[in-house]
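Read the figures in this text as sums done on the coordinates, not as results from a lab. From a predicted model like this one, the values you see are computed outputs, not experimental measurements. Cβ placement follows ideal geometry from the backbone for every residue including glycine, while neighbour counts extend to all protein chains displayed.
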Amino acid sequence: MPLDRSEYLSNIFKDGIFKDKVVFCTGGNGSICSAQVRALVHLGANACIVGRNVEKTEGMAKDIATARLGSKVIGIGAVDVRSMESLEKAVATCVKELGRMDFAIAGAAGNFLAPMSQLSANAFKAVIDIDLVGSYNCAKACLPHLVKAAKECPTAKTATPSGRIIFVSATLHYQGTALQTHAVAAKAGVDALSSQVCIEYGPLGITSNVISPGPIGGTEGMDRLAKKVQPGENPWKAIPSGRIGAVKDIADATVYLFSDAANYTNGEVLVVDGGAWRTAHGP
Ligand code: HXC
């Protein structure tokens, strides 16, 4: 049967597609994750963001809430993704205050530049703990709620499905990146973790995918990791798409993966980098 036009235009990237959905996001203070959450709120979702800094997290939640009149966005500070207990408490608060959890974004990350010769075992572990263990903790705490939501609202023509998780990774580990041993190892693990969630939770109605941003302008990651751009210089011209990424590029990929359009996309890595890693053009 050919696709009917009204069916095709029915449910994708339209005002209200995420109405009554709730998204939980670690690292929700950050430039990338806050843009991901904001896009979902624009399109009807309510949200819970968690972060380490109380003031910043609560402030960001208030700011995101202005995206849509009537939205509910809560910010829970003093949450360290390295602590399962801390995450479980935050997840419980999210479900209590917002009633459910349909989507999760494991976005919290930590990074700095250091040659391996200067990287202490503790520094390596700090990044593994935040990026990889933190992603595991987020998935582990959220999955029971996501499975419940997926059962209540499975893939159907009439409703946007529930029960989805996105891990925010990177492209650093595809070819290897100097000064990034810790993050390279952690993000390779994050990609593998997402595959495992797909394999074990796919049969329960969950989709698990990775978004791998390339260099994204105006982010803390770029401030920490990239060389300073001098006026008149365009260090991004070697990227096949000819520009540095924007947070909206990652928000768009997020909307896609949580929408009806991605019902059969599971266990995938969606690289959003303008083709940068293929030219080994890092930040
Ligand atoms: C060498 C360093 C270091 C540096 C910290 N360490 N900074 N070593 N060079 N610049 C070492 C410390 O000396 C210590 O080891 C160990 O790391 C732990 O440091 P703490 O400060 O105690 O840890 P903590 O407070 O938990 O901080 C975690 C952190 C920090 C990752 C180290 O940078 C952080 O909190 N970052 C969060 C915000 C962030 O990084 N955002 C950007 C994410 S961007 P010793 O041996 O002294 O005990 C991103 C994008 C990636 O992830 C993709 C890019 C394309």
Looking at the chain as a GNM with Cα springs under 10 Å, which of Pro161, Pro144, Pro215 has the largest mean-square fluctuation?
Pro144
Dividing the helical contributions, -39500 (n - 2.57) per DSSP H run of n ≥ 4, by the residues of the chain yields a 222 nm value, nearest 500 deg cm²/dmol, of -12000 deg cm²/dmol
Of Ala90, Ala261, Ala139, which is the most mobile in a GNM of the chain whose springs link Cα atoms less than 10 angstrom apart?
Ala261
Estimated Rh, the range 1-146: Kirkwood, alpha-carbon pairs, angstrom:
16.2
Projected onto the charge dipole of the chain (unit charges on the beta-carbon of Lys, Arg, Asp and Glu, signs +1, +1, -1, -1), the Cα from Ile17, Ala61, Gly214 with the largest positive-side position is that of Ala61
Here the alpha-carbon Rg of the range 18-274 over 2.2 N^0.38 Å rounds to 0.97
Give a quick list of GluC sites (Glu not before Pro) in the range 192-283 that DSSP marks as loop, anything other than H, G, I, E or B, with at most 12 other Cβ atoms within 10 Å.
Glu233
Among the DSSP H helices of the chain, those whose Cα atoms extend at least 20 Å along the helix axis and whose mean Kyte-Doolittle hydropathy is 0.0 or higher are 84-98, 181-201
Give me the net charge for the shell around Gly77: Cβ to Cβ below 9 angstrom, other residues only, Lys and Arg +1, Asp and Glu -1.
0
What are the radius of gyration and Dmax of the range 115-157, computed over its Cα atoms and given in Å?
17.5, 55
With the dipole of the range 18-274 defined by +1 on each Lys or Arg Cβ and -1 on each Asp or Glu Cβ, the option from Ala186, Gly27, Ala170 whose Cα lies farthest towards the positive pole is Gly27
Restricting things to alpha carbons, tell me how big the range 67-163 is in terms of Rg and Dmax, in Å.
16.9, 56
Two-site label geometry, Gln196 and Lys14: point separation in nm, points 7 Å out along Cα→Cβ:
4.0
Sticking with the crude label model, points 7 Å out along Cα→Cβ, report the distance from Arg224 to Lys248 in nm, one decimal please.
2.7
Regarding the range 175-283, what is the average projected area of its C-alpha convex hull, in nm²?
7.7
Would you mind working out the magnitude of the charge dipole of the range 18-274 relative to its Cα centre, with +1 at each Lys and Arg C-beta and -1 at each Asp and Glu C-beta, to the nearest 20 Debye?
300
